[in-house]
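Student: Mind having a look at this structure? Questions to follow.
The values are calculated or read from the model by the stated rules, or taken from the named source; none is laboratory data. Quantities reported herein were computed from a predicted structural model and do not represent experimental measurements. What goes into the accessible areas is simple: the full protein's heavy atoms, side chains included, and nothing from ligands, DNA or RNA. Shrake-Rupley method; radii C 1.70, N 1.55, O 1.52, S 1.80 Å.
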Amino acid sequence: MNVRAMYSHVRAGGAESVVAEHAQLVKRIAFHLMNRLPDHIQAEDLIQAGMIGLLEAARLYDSSQGASFETYAGIRIRGAMLDEVRRNDWAPRSVHRRHREIAAAIHEIEANTGREAKDQEVCDLLGITLDEYFSALNDSIQVRLTPLDHMGDEHDETIDVPDSSDQPEQNFSNERFHEALAEHIAALPERERLVMSLYYVEEMNQKEIGAVIGVSESRVCQIQSKAILRLKASLKDWR
């Protein structure tokens, strides 16, 4: 359904005022996301995508499901913005491929040793230098543009499951996935677990996290990237 059709549907359903009341929610989410996205992403593009998400939320919202409209709309708005970012992903396939290779190497080493994979071990297994390894980790901040619980496609370096708001039959599987995700996050090395908590729960940016734990912003990026890759490798069977 295109934007004009969605708006007509919303007007016909009497939800036009709800959309107007929540327009500021779109801007709030857009500017919040701007702190986590590459510099070339424009707020106007996010807001435009978010308004489409808001219209979609007004069209599909079902109050009997228990969630408030603002909560439901927030999920739809953020998802629409992040979909727009992914559609314009700058990263070449070689970047995504290298991330998959690192994730697989981490998983293999930890499965064989029963402990956290060391950076040099990953490099040795892949036949790359430490500089190449850390460069790949730093690159990943540019492609990790979606929520933590997003499973992604073959070119996406995030961890996510599909939106099941229109597919009730998926709820049980999604709940199991989130349980598995929580278990693997709890099993992360302490520093990675802390960084993930500060970023995704406390919603701090990488500069703020660096100040808290006493490392540089680039080092926070590397720690966070390793955690994401470790989780992705551990949860690969959910793809």
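Student: So what are the ³J(HN,Hα) numbers for the range 115-123, from phi and the Karplus equation (6.51, -1.76, 1.60; θ = phi - 60°), rounded to whole Hz, Gly and Pro as x?
Tutor: Once θ is set to phi - 60°, the couplings for the range 115-123 become 9, 4, 5, 8, 4, 5, 5, 4, 4 Hz.
Student: Carbon and sulfur atoms: what percent of the 1.4 Å accessible area of the range 44-107 do they account for?
Tutor: 48
Student: With θ set to phi - 60°, apply the Karplus curve 6.51 cos²θ - 1.76 cosθ + 1.60 along the range 195-207 and write out the HN-Hα couplings as whole Hz, x wherever there is a Gly or Pro.
Tutor: So the J values, rounded to whole Hz, are 4, 4, 5, 5, 7, 8, 9, 7, 6, 8, 7, 5, 5.
Student: Whole-Hz ³J(HN,Hα) for each residue in the range 66-75, computed from phi via Karplus 6.51 cos²θ - 1.76 cosθ + 1.60 with θ = phi - 60°, x for glycine and proline: what do you get?
Tutor: So the J values, rounded to whole Hz, are x, 7, 5, 5, 4, 5, 5, 5, x, 5.
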